[in-house]
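S.K.: Below are the structure tokens for one structure; questions will follow.
The values are calculated or read from the model by the stated rules, or taken from the named source; none is laboratory data. As the structure is a computational prediction, the values presented were derived from the model and not from experiment. As a convention, Cβ positions derive from the backbone with ideal geometry for all residues, glycine included, and neighbour counts pool all protein chains shown.
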Ligand code: UN1
């Protein structure tokens with residue numbers, strides 16, 4: 001199966017337009033069944049340095065290509081992604097585990113991002129602004145930063161890569177990309193597509209390997225002027241402090257503890273659907289996954305009962321089987337982290353209504369599967385109500401009022417996504433204003449962000465930058481102010497004002 005979809009048994013780095021091996025390799029494992037799919041390079045400092053040297057050269061010429069022409073490459077890439085969507089989705093399910101329907105959705109995000117950012121190549125708007133002095137023209141415009149580094153996670157191996165690399169490319173930068181070693185196949189395929197679409201050698205360089213080797217070198221490298229990172233909080237903070245020391249621009253997205261609030265006036269059927277989809281879809285392994293449900297006490301019992309009915313119906317297993325709605329957990333470490341939080345929840349006195357265990361029947365042998373889990377009667381300060389679990393686990397917190405719900409929603413260190421189910425128009429408007437997250441949904445779950453809007457969050461989720469949307473261009477461009485004086489004399493700003 002794997003070999004009929006992947007052309008090679010051994011992936012290679014992509015440096016300066018060449019497909020090259022690194023000194024070492026490791027195995028990529030299908031989380032659904034433990035099978036080895038392919039070998040991936042484990043690169044070192046030399047590989048990163050070669051990539052940066054190539055990128056520096058390539059970027060100088062790429063920056064001079066008119067942006068609408070740079071965009072042509074992304075239009076072609078979008079077309080190729082579209083043609084290969086089904087094959088890419090299957091590969092994605094194999095390396096990441098997410099069910100095929102979701103894998104197709106993720107590839108679609110990449111397609112959307114390609115066409116959207118290609119469109120930006122004909123805009124890349126700046127501003128003209130009236131000058132203070134006569135016969136003087138002033139404007140501000142975007143300039144590429146140079147060589148930029150992107151570090152992407154395993155949970156959205158193609159969507160997040162396109163959120164970062166496409167704006168970087170269209171804006172005239174050259175990219176060094178370290179994909180997650182768990183999910184390198186889509187990265188390899190995306191690089192092939194960009195090569196086929198006509199991206200000049202050296203504009204995109206893919207260096208596979210560990211964060212402790214490749215990522216560290218990228219962060220420390222003086223010629224990489226931006227690091228855009230999505231991943232764990234701890235790693236993100238370390239990257240930020242090193243980038244701070246070097247005055248290197250850094251954009252971080254580091255997860256969430258996203259809540260769905262269900263008010264007493266909510267459409268409960270809709271709320272249940274939204275909760276099941278956002279909490280258990282992708283086995284809860286989304287930064288945007290709902291891992292808290294904040295419920296008004298008057299509808300708590302009804303909501304719990306309906307959730308239990310729906311949890312029972314969830315079919316769990318290999319995502320390539322379209323009957324399954326929930327796939328595996330990425331690896332053993334991920335599974336152990338979830339198990340650990342189940343233990344913590346029990347010790348904290350939360351009431352376990354469903355799940356809480358590893359699925360280990362014969363059909364799940366060699367894979368990593370966890371039963372969709374519902375804790376109830378949680379208090380807002382419990383660790384299971386505060387910390388990111390990254391698995392199919394809900395902590396349900398009862399509240400007495402709308403105001404309390406907002407307070408509980410905002411009472412965590414993260415601020416990525418939040419949602420509220422209510423039919424009260426006043427509550428809708430208050431909630432969208434007061435929910436302290438980068439993304440807010442009304443009458444929908446916490447997942448499903450669209451690529452033409454900014455993606456990112458407040459507080460511990462990030463550092464104020466955004467992926468995707470036109471806002472992503474701010475990460476990969478510098479604003480340049482330009483003054484052109486056509487008065488024929490030296491006019492001194494702030495002095496010659498008469
Ligand atoms: C992530 O979880 O890291 O909004 C990305 C969503 C998807 C992207 C999630 N469009 O759920």
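S.K.: Which condition number in (1) at positive phi; (2) surrounded by fewer than 24 Cβ atoms within 10 Å (Cβ to Cβ) is the one that residue 284 fails?
M.R.: That leaves (2) as the condition not met.
S.K.: Okay, next question. Kindly indicate whether residue 418 is in contact with a helix residue (DSSP H, G or I) (Cβ under 6 Å, 6 or more places away or on another chain), in a strand (DSSP E or B) and under 23 Å from residue 349 (Cα atoms).
M.R.: In short, no.
S.K.: Additional query: As an exercise: evaluate residue 108 against (1) touching a helix residue (DSSP H, G or I) at 6+ places or on another chain (Cβ under 8 Å); (2) outside any loop (DSSP other than H, G, I, E, B); (3) away from the ligand (no atom under 15 Å from the Cβ) and give the number of the one condition it does not meet.
M.R.: (3)
S.K.: Go through the residues of segment 397-413 one by one and say whether even a single one is within 16 Å of the ligand (Cβ to nearest atom), surrounded by 15 or more Cβ atoms within 10 Å (Cβ to Cβ) and either assigned by TED's automatic domain parsing to the domain that holds residue 275 or farther than 25 Å from residue 268 by Cβ (or both).
M.R.: No, every residue in segment 397-413 fails to be within 16 Å of the ligand (Cβ to nearest atom), surrounded by 15 or more Cβ atoms within 10 Å (Cβ to Cβ) and either assigned by TED's automatic domain parsing to the domain that holds residue 275 or farther than 25 Å from residue 268 by Cβ (or both).
S.K.: Take segment 257-272 and flag every residue that is out of contact with any helix residue (DSSP H, G or I) (no Cβ under 8 Å at 6 or more places or on another chain) and within 16 Å of the ligand (Cβ to nearest atom).
M.R.: Correct list: empty.
S.K.: As an exercise: evaluate residue 7 against (1) more than 16 Å from the ligand (Cβ to nearest atom); (2) modelled with pLDDT of 95 or more; (3) out of contact with any strand residue (DSSP E or B) (no Cβ under 9 Å at 6 or more places or on another chain) and give the number of the one condition it does not meet.
M.R.: (2)
S.K.: Sticking with this one: Which one of 370, 375 is crowded, with 18+ Cβ neighbours inside 10 Å and under 20 Å from residue 31 (Cα atoms)?
M.R.: So the residue among 370, 375 that is crowded, with 18+ Cβ neighbours inside 10 Å and under 20 Å from residue 31 (Cα atoms) is 370.
S.K.: Go through 297, 305 for me and flag whichever is away from the ligand (no atom under 14 Å from the Cβ) and under 16 Å from residue 375 (Cβ atoms).
M.R.: Just one listed residue meets the conditions, 305.
S.K.: Specify which of the listed residues (197, 180, 159) is within 16 Å of the ligand (Cβ to nearest atom) and closer than 19 Å to residue 84 by Cβ.
M.R.: Of 197, 180, 159, the one residue that is within 16 Å of the ligand (Cβ to nearest atom) and closer than 19 Å to residue 84 by Cβ is 159.
S.K.: Just to verify a result, which residue in segment 467-481, among those that are touching a residue at least 60 places away in the same chain (Cβ under 8 Å), out of contact with any helix residue (DSSP H, G or I) (no Cβ under 6 Å at 6 or more places or on another chain) and surrounded by 12 or more Cβ atoms within 10 Å (Cβ to Cβ), is farthest from residue 226 (Cα to Cα)?
M.R.: 470
S.K.: Anything in segment 273-285 that is more than 18 Å from residue 306 (Cα to Cα) and touching a helix residue (DSSP H, G or I) at 6+ places or on another chain (Cβ under 8 Å)? List them, or say none.
M.R.: 282, 285
S.K.: Also, quick follow-up: Only one of these is away from the ligand (no atom under 16 Å from the Cβ) and either over 23 Å from residue 64 (Cβ atoms) or surrounded by 24 or more Cβ atoms within 10 Å (Cβ to Cβ) (or both): 94, 139. Name it.
M.R.: The match here is 94.
S.K.: I'm checking my understanding of the structure. Among residues of segment 482-492 that are under 46 Å from the mean Cα position of the chain (by Cα) and surrounded by 13 or more Cβ atoms within 10 Å (Cβ to Cβ), which one is farthest from residue 149 (Cα to Cα)?
M.R.: 485
S.K.: Turning to a different aspect of this structure: Looking only at segment 427-449, decide whether some residue is farther than 17 Å from residue 265 by Cα, in a helix (DSSP H, G or I) and touching a helix residue (DSSP H, G or I) at 6+ places or on another chain (Cβ under 7 Å).
M.R.: Looking through segment 427-449, at least one residue is farther than 17 Å from residue 265 by Cα, in a helix (DSSP H, G or I) and touching a helix residue (DSSP H, G or I) at 6+ places or on another chain (Cβ under 7 Å).
S.K.: Here is a follow-up. Residues that are crowded, with 24+ Cβ neighbours inside 10 Å, more than 18 Å from the chain's Cα centre (by Cα), at pLDDT 95 or above and farther than 26 Å from residue 469 by Cβ: does segment 210-217 have at least one?
M.R.: Within segment 210-217, one or more residues are crowded, with 24+ Cβ neighbours inside 10 Å, more than 18 Å from the chain's Cα centre (by Cα), at pLDDT 95 or above and farther than 26 Å from residue 469 by Cβ.
S.K.: Related question: Take residue 110 and tell me if it is assigned by TED's automatic domain parsing to the domain that holds residue 186, surrounded by fewer than 19 Cβ atoms within 10 Å (Cβ to Cβ) and closer than 19 Å to residue 468 by Cα.
M.R.: No; evaluated as a whole, the condition is false for this residue.
S.K.: Let me ask another. I'd like to check something: does segment 424-438 contain any residue that is modelled with pLDDT of 95 or more and within 15 Å of the ligand (Cβ to nearest atom)?
M.R.: yes
S.K.: Moving on to the next point. Here is a list of conditions, (1) surrounded by 22 or more Cβ atoms within 10 Å (Cβ to Cβ); (2) in contact with a strand residue (DSSP E or B) (Cβ under 9 Å, 6 or more places away or on another chain), and residue 304 meets all of them except one; can you say which number that is?
M.R.: Residue 304 satisfies every listed condition except (1).
S.K.: I'd like the full set of residues that are more than 17 Å from residue 466 (Cα to Cα) and buried (at least 24 other Cβ atoms within 10 Å of the Cβ), limited to segment 145-157.
M.R.: 147, 155, 157
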